[in-house]
Amino acid sequence: MKLAGPIIGLNVLNVLMLLVDSALCGRMPNSQDALEALGFAIQVIFLLMVAMLGLIVGTVALVARAYGGGDTKRLNHLLVQSTMMTVIVGVVVGGIGALAAEPILRVLGASPAVADLGADYLRPMMIGTPFFYLTLLYAGILRGVGNTRIPFLIALGTNVVNAVLNYGLILGNLGMPALGVTGSAIGTVIAQFLNMVTLVIVLRSGAIPNLKLPLAPKKIDHALAGELYRIGWPAAIDMLILNAGFMTALGILGRIDGVSVAAHGLGLRVQSVAFVPGLGIAQATSAMVGQALGGGSVDRARQVARASMILSTAIMTVLAILIVLTDDLLVQIFDVKAGTPLESYTLEWMMILGLAMLPAGTNMALIGLLQGSGATRISLRINFWSTLAIQVPLSWLLAFPCGLGATGVWLSFPIAFAAKAVIGYVAYRQAKWAVTGVRIPNRAPVVSVEH
């Protein structure tokens, strides 16, 4: 909890940027179209993060091992190289996203009006992609060396900036122009830029022991890039599959009722906040497992994994109960009118979301273990079967042949999470992830299972 606490706070703040967008856009004259557009646009942002997620997972795993093994030279080499790779990935992804924003939204099933609004939001967000990616990278590196407080404190300040700018730029308050969804994106990008600059200043100052970021570009280390690729590509594909499940659900919902898409987007924002404690514990687990294996202790890694599963499952269960009991209050945050189809759909999705959180807590802890140990291929196999073989076909089956509509789509989520938790626990017991050393071997030897 000492390591996870600031991570949870940081993740809450990251999610709050999106929540502020939704809450303020819900007060626009065309609020339903705006919320539907944000529902589609946020999903596109998550989809385009695939490449960056792989780089972050690989970097954090190698940083934690180098830190656990006391290899300072490798630690700083990872900092420099991952920075340059992140800038490259951010520029490429941002450029593609900005140019293809509207066509992507239409492919997902957005109407012309909604796609136009969504593109107005996506284009500025995509231009700011390098800033966003660098903040994620540096927060991950600091997590890998056990410092989670600094990224949290920086994000606390930039979230205040984001809230003030969005309050002004979306609705035209504080003497600022009313730019609607475009203003929402501009305010968020400015806040992300300030976050990145502050993190660079901290890493340049030498305030973090054994870490210092030079500004002069270096030659790309192809051998290290290969290591990051071997660990990161399964995590990237993992994210792609996860997004395929979400986007399939979004596509089906768009063909059932456009209002259900808006409700889905609101539910995802609540989910983003509710899942934060579990994700924070998983990220702390990843760092601590990497440090333990880098220092040569499999037993320590197992202790971390067991504690993580217990803690994450307990916290997520409590939050699930709170969501079920307060779902009507949560809907009011977005100024949804009572008695409308949007309110009905959103309340139903939140109830089902509560069910999904129970197995999700265990699953998150296990994914943190596998990513921290560098066993990302095992995580990929788990997600592949649970998403593409269970969630995707089940969402279609329940929605159309079974006639449950949007309810059927949403019911596929808790079922898929339960499958992931069971398969993940089997992988934990088999212990093929338990490989020690500063560098992660290409092939992990079979380790005896603890009984």
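The values are calculated or read from the model by the stated rules, or taken from the named source; none is laboratory data. None of these values were measured; they are calculated from a predicted model. For neighbour counting, all protein chains shown are included, and Cβ atoms are generated from backbone atoms with ideal geometry for every residue, glycine included.
What to note about this one:
- Residue in the stretch 80-97 that is within 20 Å of the chain's Cα centre (by Cα), modelled with pLDDT of 90 or more and under 28 Å from Ser297 (Cα atoms) present: yes
- Selection status of Ser260, in a helix (DSSP H, G or I) and either closer than 22 Å to Leu369 by Cα or not small (Gly, Ala, Ser) (or both): no
- In the set Gly128, Gly144, Gly70, only one residue is of a type outside the set (Val, Ile, Thr) and at positive phi; that residue is Gly70.
- Set Leu330, Leu397: member being modelled with pLDDT under 95 and either more than 20 Å from Ala235 (Cβ to Cβ) or under 20 Å from the mean Cα position of the chain (by Cα) (or both): Leu330
- Qualifying residue in the stretch 226-246 (condition: assigned to a helix (DSSP H, G or I), of a type in the set (Phe, Trp, Tyr) and under 24 Å from Ser111 (Cα atoms)): yes
- Filter result for Leu134 (under 18 Å from Asn11 (Cα atoms) and modelled with pLDDT of 90 or more): yes
- Total residues in the stretch 282-300, condition closer than 13 Å to Val438 by Cα, polar (S, T, N, Q) and within 25 Å of the chain's Cα centre (by Cα): 1
- Of the residues in the stretch 60-74, not one is among the acidic types (Asp, Glu) and either closer than 24 Å to Ala191 by Cβ or surrounded by 20 or more Cβ atoms within 10 Å (Cβ to Cβ) (or both).
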